[in-house]
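Since the structure comes first, as structure tokens, the remarks are kept for the end.
Computed from the coordinates by the stated procedures, all read-outs in this text should not be read as laboratory data. These numbers come from a predicted model, not from an experiment. Every residue, glycine as well, gets a Cβ built from its backbone with ideal geometry; the counts of neighbours run over all protein chains shown.
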Amino acid sequence: MVLHLPAFFLEKDPLSGWSSIALGYRYKAHLALSEDLPMQIPIPVNDLDLPLGQYMVKDVLLSAEVVSEIPVTLVLENIDVMVKETDEDGNVKTVVCDDVSVTPGLTIASGCSGAPVVTPLAVSIKAQEGTIPDIAGLQLNLSVKAPTGEGDKRLNMNQSISFINLRATVFGGITIQGL
């Protein structure tokens, strides 16, 4: 990009030192999918703060509805359960919990802007040993499956995916420790 200023502007300052020049440009591009993406797309679901650890829960079902305006099919490949952990310096960080097993396996139907498609999501979380700790969030890892024979699918900033109506169902009841 080359900018040419008129000669009279370079020779004198018409505003006696109070002038300025602001330059900028915008480039707009669209993402199009003609085949499956080779990598998974991570979607964090933060700040769940499910206090399951204090109730000694061994099996829970998280349910939600996925609202998609994205014109491609998304497949939930795996889910990481995130818990908060304090290190030796007292700093709290969120890490993946290895003491639980998660059953994913969901295909999120494709939608479009203005006509979203709602898909029910059910995630079963089971303690491998002991009980499920407090859950800080989830990391959903999705793969993209482009429709075959329909040509390229354009993705733009008006298309979204959202999770609504999150519910937790506890199997086998809750155990509350006595004093």
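If R0 equals 45 Å, the separation of the Cβ atoms of I174 and T107 corresponds to a calculated FRET efficiency of about 0.90.
At R0 = 30 Å, how high is the FRET efficiency between V96 and V117 if r is their beta carbon distance? Nearest 0.05 is fine. Efficiency at R0 = 30 Å is approximately 0.50. Shown is the FRET efficiency for N141 and M56, computed with R0 = 25 Å from the Cβ-Cβ distance and rounded to the nearest 0.05: 0.30. Charge dipole of the range 33-170 (Cα centre as origin; +1 on each Lys and Arg Cβ, -1 on each Asp and Glu Cβ, all else neutral): 540 debye, rounded to the nearest 20.
Both radii are taken from the alpha-carbon atoms of the range 33-170; with Rh as the Kirkwood radius, Rg/Rh is 1.03.
Using a cutoff of 8 angstrom between alpha carbon atoms and counting only pairs six or more residues apart, the relative contact order for the range 33-170 works out to 46 percent.
Modelled spin labels at L155 and D87, positioned 7 Å past Cα toward Cβ, are 3.2 nm from each other.
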